[in-house]
Amino acid sequence: MHVLITEPVHDSALAWLRDQGAIVTLAYEDAAWRESAGDVRGLVVRACPVDVALLDELPALEVVAKHGSGVNTIDLAATAARGIRVTNVPGANTDAVAEHAVALLSALSRDLVDCDRLVRQGRFDERFGLRQLKELTGSRLGLVGAGRVGRRVAAICRGGYDCRIGVYDPFLGDDTDLDATRFGTVADLVEWADNVVVAAPLTPQTRGLLDAGVLGRLGVEGSLVCASRGGIVDETALAELLRDGRLRGAALDVYEPEPPGADHPLFALGGTAFTPHVGYSSDRSMVRMGVESCRQLWALLHGGDAPLVTADSWG
């Protein structure tokens, strides 16, 4: 059975697939993968768009496995129309993404990027002219999204920094296990919070959720971190608020679009920190995402069960 993998995955995942007897083609190493495209029944993707054009090249495709959680790069309507099932592994990178978000939040509170620049540029004594650094201990942390990642961020910040936690998540329902103050609107959450971490998926409901009006309610001492998906935060409005001194800091691991242009308006501003969409990645998460996505793919190809993602379930 032929499986196509579009981007690098952990060696243990490749070994597992081959042990099952799969014929594995690595599109990122084999420019001639299209020669056998008609035989591909399983597809493993990371960031590669799964659109109509790609699906047209894979007429025998039965299953798409997302190496990770977000499926916003997969045309779920097109896959459904062709009877192609889509599976993902949303819990496999929870710790990695949550730890990355907290690292970015800590970097903002201590202005680590700006401090690093002073040392590297031989401007050590300018430390006395830095704006006042901040502590996270005892602060109010607002979480946009209280799924796996949001809950893990809450646990880390509550346990490590004694933060008070607030959440906005309209899908929480009557969940009583979450020790946090709930807010009915994202604007109310942002106004309450000292800092905000965006941990929601990109869906039609969350696209553009944090616009200029919402971001402005965070205040001059507030900082925002987004390590989930680009498109949720209005990056142009965020840059304007930072430039005008109406927001303290911003840190992004994700952008809209990706990759961002070198002239992105945030990149020239201080009080910021940026990483190239690597929050999902760690020594452990890459193994989990690779192996679990391949296991689920193989199960579905052989009549077994695995979690399925549809346009309705994703939002």
Exercise. So which of 305, 211, 312 ends up being out of contact with any Phe, Trp or Tyr (no Cβ under 9 Å at 6 or more places or on another chain) and modelled with pLDDT under 95?
Worked result: 312
Problem set entry | Given (1) on the phi > 0 side of the Ramachandran plot; (2) assigned to a strand (DSSP E or B), index of the condition residue 231 fails | (2)
Exercise. Taking residue 28 and the conditions (1) outside any helix (DSSP H, G or I); (2) touching a helix residue (DSSP H, G or I) at 6+ places or on another chain (Cβ under 6 Å), which numbered condition does it fall short on, given that it satisfies the others?
Worked result: (2)
For this session: Return the residue satisfying two criteria in turn: it lies in segment 90-124 and is in contact (Cβ under 8 Å) with a residue 12 or more places away in the chain and of a type in the set (S, T, N, Q), and of such residues it is surrounded by the most Cβ atoms within 10 Å (Cβ to Cβ).
Result: 93
Seminar exercise, completed: Considering residues that are within 27 Å of the chain's Cα centre (by Cα) and either surrounded by 13 or more Cβ atoms within 10 Å (Cβ to Cβ) or closer than 16 Å to residue 300 by Cα (or both), the number found within segment 26-42 is 4
Exercise. Can you tell me which residues in segment 121-141 are within 17 Å of residue 225 (Cα to Cα), outside any loop (DSSP other than H, G, I, E, B) and basic (Lys, Arg)?
Worked result: 140
For this session: For segment 236-248, state whether one or more residues are touching a Ser or Thr at 6+ places or on another chain (Cβ under 7 Å) and either more than 19 Å from residue 101 (Cβ to Cβ) or surrounded by fewer than 21 Cβ atoms within 10 Å (Cβ to Cβ) (or both).
Result: no
For this session: Would you mind stating whether residue 7 is surrounded by fewer than 20 Cβ atoms within 10 Å (Cβ to Cβ) and in the same structural domain as residue 232 (by TED's automatic domain parsing)?
Result: no
For this session: Hey, could you check segment 61-89 for residues that are touching a residue at least 60 places away in the same chain (Cβ under 8 Å) and in a loop (DSSP other than H, G, I, E, B) and say which is farthest from residue 200 (Cα to Cα)?
Result: 62
Exercise. With segment 146-221 as the region, which helices (runs of 4 or more DSSP H) entirely inside it contain at least 3 residues that are touching a residue at least 40 places away in the same chain (Cβ under 8 Å)?
Worked result: 148-161, 186-192
Problem set entry | Complete set of residues in segment 56-69 that are of a type outside the set (Lys, Arg) and surrounded by 19 or more Cβ atoms within 10 Å (Cβ to Cβ) | 58, 61, 63, 64, 65, 67, 68, 69
Exercise. Given 251, 306, which one is surrounded by 13 or more Cβ atoms within 10 Å (Cβ to Cβ), part of a strand (DSSP E or B), of a type in the set (A, V, I, L, M) and in contact (Cβ under 8 Å) with a residue 60 or more places away in the chain?
Worked result: 251
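The values are calculated or read from the model by the stated rules, or taken from the named source; none is laboratory data. Note that the structure is predicted; figures quoted are calculated from it, not measured. Methodologically, a virtual Cβ is constructed for each residue, glycine included, from the backbone with ideal geometry; neighbour enumeration extends over all protein chains shown.
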